[in-house]
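What follows is a single structure, written as structure tokens, with notes after it.
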Amino acid sequence: MNVRTSVLQSSATAVKKSKSRTLLSDVRRDKYLYMLVIPGVLFFIIFKYIPMWGIIIAFQEYSPYLGVLKSEWVGLDHFIRFFSNPDFTLLFRNTMMISLLNLLFFFPLPIILSLLLNELNNQGFKRVIQSIVYLPHFLSWVIIVGISFLLLSESSGIINKMMMSVGLPKYDFLTNTDTFWGLLVLQNIWKESGWGTIIILAAITAVDPQLYEAAKIDGAGRWGQMWNVTLPAIRSVIIVLLILRLGHIMDVGFEQVFLMNNGAVAKYADVFETYVYRNGIQSGQFSYSTAVGLFKSLVGLILVVMANRFAKRIGEDGVY
Amino acid sequence: MKESFGSRLFNSANILLLALIGIVTVFPLYYVFVVSFTQPHEYLQKSGFVLFPQSWTLASYEYLLNTSAFKNAMLVSIFLATVGTGLSLFFTAAMAFGVSRKRLRGRKIIMMMVLLSILFNPGIIPNYLVVRDLGLINSIWSLIIPVLISGWNIILMKSFFDSIPVELEEAAMIDGSNDMGTFFRIVIPLSAPALAAFGLFYAVGYWNTFFNAVLFINDYTKVPLQIVLRNMLIDSEMSTGGAAAAEMISDKQIPSQTLKMAAVVIATFPILIVYPFLQKHFAKGVMLGSVKG
């Protein structure tokens, strides 16, 4: 309690002002504090809450001339149209497959990488490797997709040239539907594996060194210590990360997929958000696309809330 | 205690494996870097197999930096990364400071509002319509104002400000400072390390601005660097490239591949510059998130 507050509050109780009077005097007293907060509050109202209100155009045939309130109401027509559209199955399949492949192949890597880094005795070498593997996280998807194209292009990419020089046939990575999802996962691994180690390494540092001593006395080798001490110690962090990952299963990297998409792989690359962009921004079907976006956001919200609740139920912190 | 043979073997294998991971991570960047400095004739002669160039040249860089579309885009991105970061940092800190003071009425409601906005995103179209209705389409401000404050950063920064002792503030109050003065003269200087971490995260975000520019900017003189890069690197590969990008890489003097690589290096350069400073702070910045406020 600061000085002014206590002074004002004691006088306030003495006079027994009405509640609204206190509010007003509080605001007057802390006017600078409110001035600092107001721009932020306005930002959240305009750019986060007005769009939430804008969702009602999903239930309308929105016309830019009539505006949100006067446009014709159509109820759930756009949702019914979307669910009965064969595109829906395709988008759902692509989203799920990309997410699940990431879960299967990308998710374990930061954990393995952290365990390996933790076993290094040479701190200098450890820092060098950490600096290197963190770096790609800060590069934009444009750069990462761009570099992939420079390396993998059929005509001029160095990977194909290397393959040809050892007598292998050319392979067009970029337009091949068989390897497209794999390529997405590989890019994700290259970009984010290192970054993912930060939180796991932090959990590992919290492990009691006495546990290692005890394990050594019991005759555990390096593998034994890793398997029986380190891994169980970070289990709860891994479980929380896994649950939260499952909560975000509807979110595939939008920019990545958007940039990697091309005519040849479109049937494997189209996800909810690229579909919203194409039908909404490019073709101007605002209402229909809002309905699609709303479906995706609602499922996402439910999954995240459930995941968080589940994390708390198993005795972890969750994210909020 | 002497290390056992098994333990030494484990160490060697581990070092080898991690070195390999390091090389695989660095190789794409190294290759792009090296080719961008390679003499055009050497690149053509070795058909791209340049791992150690015989001589270095700045030809690709000179060419790019003399191309008006590229220069323009760089200026836009520099503007975003400086002005945008400054504004974001200021308004984030101001709001977080306000809600971290217990005297503020409605602080719980405001924090609830922030949290809810993180959990539920209404989607691309409603966001787009708000920006359009505000008349921001084709304005550089459309790349700053709609992303001015990140809800996560408000939550993290608030928990950071919560940890500043109230006594400091009370002392300033007694010396006649008001909240504004306390914020600028005490809170901001005290939080310099945290502000550095958040500032650098904001800066990287602005420097990498891409999708909002796809949505909001149609005027080619106002696009940021990532859009020009997309047109050069990705669209031209898929042979649907924009006219400006085609013009940019049509020069026969320099192979388009070395130009593309130089463009990647230029776009990566600022990140490499701030990276050493970033590194000191980001582990802490990330860990702030796991501290409950």
Looking at this structure, is B:VAL83 open to solvent by 10 Å² or more (accessible area, probe 1.4 Å), part of a helix (DSSP H, G or I) and under 29 Å from B:PRO270 (Cβ atoms)? yes
Sole miss for B:THR221 among (1) of a type outside the set (D, E, K, R); (2) closer than 30 Å to B:VAL265 by Cβ; (3) crowded, with 18+ Cβ neighbours inside 10 Å is condition (3)
Out of (1) open to solvent by 30 Å² or more (accessible area, probe 1.4 Å); (2) closer than 27 Å to A:LEU135 by Cα; (3) among the hydroxyl-bearing types (Ser, Thr, Tyr), the odd one out for A:THR197 is which? (1)
Within the range A:104-154, the residues that are in contact with a Lys or Arg (Cβ under 7 Å, 6 or more places away or on another chain) and open to solvent by 40 Å² or more (accessible area, probe 1.4 Å) are A:HIS137, A:GLU154
Six or more apart or on different chains, Cβ atoms under 6 Å: show the pairs whose first residue is in the range A:38-64 and facing another protein chain (nearest Cβ under 7 Å) and whose second is open to solvent by 30 Å² or more (accessible area, probe 1.4 Å). A:PRO39/B:PHE91; A:GLY40/B:PHE91; A:PHE44/B:MET113; A:PRO51/B:ASN127
Just checking, which of B:ALA69, B:ALA96 is assigned to a helix (DSSP H, G or I), of a type in the set (A, V, I, L, M, F, W, C) and open to solvent by less than 20 Å² (accessible area, probe 1.4 Å)? B:ALA96
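Suppose we filter the range A:105-126 for residues that are in contact (Cβ under 8 Å) with a residue 24 or more places away in the chain and not in a helix (DSSP H, G or I); how many remain?
Within the range A:105-126, the subset in contact (Cβ under 8 Å) with a residue 24 or more places away in the chain is A:105-107, A:109-111, A:113-115, A:117-119.
Of the ones still in play, those that are also not in a helix (DSSP H, G or I) are A:107, A:119.
Residues in the range A:105-126 being in contact (Cβ under 8 Å) with a residue 24 or more places away in the chain and not in a helix (DSSP H, G or I): 2 in total.
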Would you call B:SER88 open to solvent by less than 30 Å² (accessible area, probe 1.4 Å), of a type in the set (Ser, Thr, Tyr) and within 24 Å of A:LEU298 (Cβ to Cβ)? no
For the range B:118-152, which positions are within 21 Å of B:SER88 (Cβ to Cβ), touching a residue at least 24 places away in the same chain (Cβ under 8 Å) and at the interface with chain A (Cβ under 7 Å from one of its Cβ atoms)? B:TYR128, B:PRO146, B:LEU148, B:ILE149
Restricted to the range B:153-174, and to residues that are within 11 Å of chain A (Cβ to nearest Cβ) and loosely packed, with under 15 Cβ neighbours inside 10 Å, which residue is farthest from B:GLY84 (Cα to Cα)? B:ILE174
Looking only at the range B:178-218, count how many residues are farther than 24 Å from A:HIS137 by Cα and open to solvent by less than 20 Å² (accessible area, probe 1.4 Å). 8
How many residues are touching a helix residue (DSSP H, G or I) at 6+ places or on another chain (Cβ under 7 Å), modelled with pLDDT under 90 and of a type in the set (S, T, N, Q) if we restrict to the range A:226-268? 1
Residue count, the range B:19-49 (criterion: open to solvent by less than 20 Å² (accessible area, probe 1.4 Å), over 27 Å from the mean Cα position of the chain (by Cα) and within 10 Å of chain A (Cβ to nearest Cβ)): 1
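The values are calculated or read from the model by the stated rules, or taken from the named source; none is laboratory data. Predicted model, so just to flag it, every value in this text is computed and none were measured. Note that each Cβ is placed from the backbone with ideal geometry, even for glycine, and that neighbours are counted across all protein chains shown. Please note that ligands, DNA and RNA were not included when accessible areas were found on the heavy atoms of the full protein model with its side chains. Shrake-Rupley method; radii C 1.70, N 1.55, O 1.52, S 1.80 Å.
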